[in-house]
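Some notes on the structure that comes next.
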Amino acid sequence: MKRVVTVTVNNNSGVLNRITGLFAKRQFNIESITVGPTGNPAISKMTFIVPMEDPAKMEQLLKQLQKQIDVIKVTDITDKSIVTRELALVKVACPPSVRSEVYSIIEPFRATVIDMGKNMVTVQITGEPTKVEAFIDLLKPYGIKDISRTGVTAFVREQQKPETPQLSILQL
């Protein structure tokens, strides 16, 4: 299992280095990291995907992250209802003889051709990491020449409370 940890920070130089250094010090392997500004350019949000470790070790890491200079908020969103997305650019061999086959893979994944050459095509795909992996696996037999992936970013889903009528004793 993998943990999804978000860290909201002041957008200052050196913050990313201090945060990733803490992961390294605690011997957590970062499988994916995304960092970008929020609606406020002075604040950035980091999303980390790390392998599941001992829960006590994870709890200690989260507490140490929260104590770091420039850290505003640390949240482990793994067990919440979340939306995750990743973007990948995939350059695949695509001579005219197999172009229709490759396009038949691209279309159902709602991927987009962003560059085309005589014998090569570059495709952009976004979605759940499992969707991106499945897409790449299907293209491998054609000859993938290059891949660039952004890493995973995530949000907690908006919780909507179902409307349940409340009956009082007087209504019964």
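The values are calculated or read from the model by the stated rules, or taken from the named source; none is laboratory data. The structure displayed is predicted, hence computed values, not measured ones. Glycine gets a Cβ as well: all are built from the backbone with ideal geometry, and neighbour counts include every protein chain shown.
For segment 12-36, a tally of residues being under 20 Å from the mean Cα position of the chain (by Cα) and over 19 Å from LYS63 (Cβ atoms) returns 9.
Looking across PRO108, PRO51, one residue alone is farther than 30 Å from PRO37 by Cα and loosely packed, with under 14 Cβ neighbours inside 10 Å. It is PRO108.
For PHE48, are the conditions met, namely being at pLDDT 95 or above, on the phi < 0 side of the Ramachandran plot and among the hydrophobic types (A, V, I, L, M, F, W, C)? Even if it seems obvious, please write down each step before you answer.
Numbers: at pLDDT 95 or above: yes; on the phi < 0 side of the Ramachandran plot: yes; among the hydrophobic types (A, V, I, L, M, F, W, C): yes.
Judged against the criteria, PHE48 is a match.
Against the list (1) part of a loop (DSSP other than H, G, I, E, B); (2) basic (Lys, Arg); (3) surrounded by 14 or more Cβ atoms within 10 Å (Cβ to Cβ), the condition LYS118 fails is (3).
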